[in-house]
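Structure record follows, encoded as structure tokens.
The values are calculated or read from the model by the stated rules, or taken from the named source; none is laboratory data. This one's a predicted model, so the numbers in the text were calculated from it and none came from an experiment. Cβ sites come from the backbone with ideal geometry, for glycine too, and all protein chains shown count toward neighbours.
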Amino acid sequence: MIERERLIKLFDIYSSLFTDKQALYFKDYYYEDLSLSEIADNYNVSKTIVGKTINKVEKKLEEYEKDLNVLKIIDGLVAIKEKTNDSKTKKDIEDLLK
């Protein structure tokens, strides 16, 4: 998985742990594919602040995952679901992932 996709998955998991501004900058940068300058202009802040904020979010996402392993667990469950032929196991895993 490329780094961008990994960060987006991590953010989907841990987004509630960030401030509104951190979440806005991250979403604009990764989901909307805006440049640091565009984000800075949109929120009337410096490009440096936007860059530092996004870097901080990226680092925190990796720290959270290192400590909690939620993405690793989800990926493991998805792999098990794809390999099993047991319909009950597949349904149980789908329910867990909702």
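Tabulated data for the structure shown
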item: Selection status of residue 93, assigned to a helix (DSSP H, G or I), β-branched (Val, Ile, Thr) and closer than 17 Å to residue 5 by Cα; result: no
item: Contacts under 7 angstrom Cβ, first residue in segment 28-45 being of a type in the set (Asp, Glu), partner assigned to a loop (DSSP other than H, G, I, E, B), 6 or more apart; result: 28/34
item: Residue match in segment 2-18 (condition: farther than 19 Å from residue 97 by Cα and either polar (S, T, N, Q) or touching a residue at least 40 places away in the same chain (Cβ under 8 Å) (or both)); result: yes
item: Qualifying positions in segment 1-28 - part of a helix (DSSP H, G or I) and more than 12 Å from the chain's Cα centre (by Cα); result: 20, 21, 22, 24, 25, 28
item: Any hit, segment 47-60, residues being of a type in the set (Ser, Thr, Tyr), out of contact with any strand residue (DSSP E or B) (no Cβ under 7 Å at 6 or more places or on another chain) and outside any helix (DSSP H, G or I); result: no
item: Filter result (surrounded by fewer than 12 Cβ atoms within 10 Å (Cβ to Cβ) and not in a helix (DSSP H, G or I)) within segment 70-85; result: 85
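Table: residues versus (1) at pLDDT below 95; (2) touching a Pro at 6+ places or on another chain (Cβ under 8 Å); (3) not acidic (Asp, Glu).
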{"position": "3", "(1), (2), (3)": "yes, no, no"}
{"position": "15", "(1), (2), (3)": "no, no, yes"}
{"position": "32", "(1), (2), (3)": "no, no, no"}
{"position": "35", "(1), (2), (3)": "no, no, yes"}
{"position": "43", "(1), (2), (3)": "no, no, yes"}
{"position": "53", "(1), (2), (3)": "no, no, yes"}
{"position": "57", "(1), (2), (3)": "no, no, yes"}
{"position": "74", "(1), (2), (3)": "no, no, yes"}
{"position": "85", "(1), (2), (3)": "yes, no, yes"}
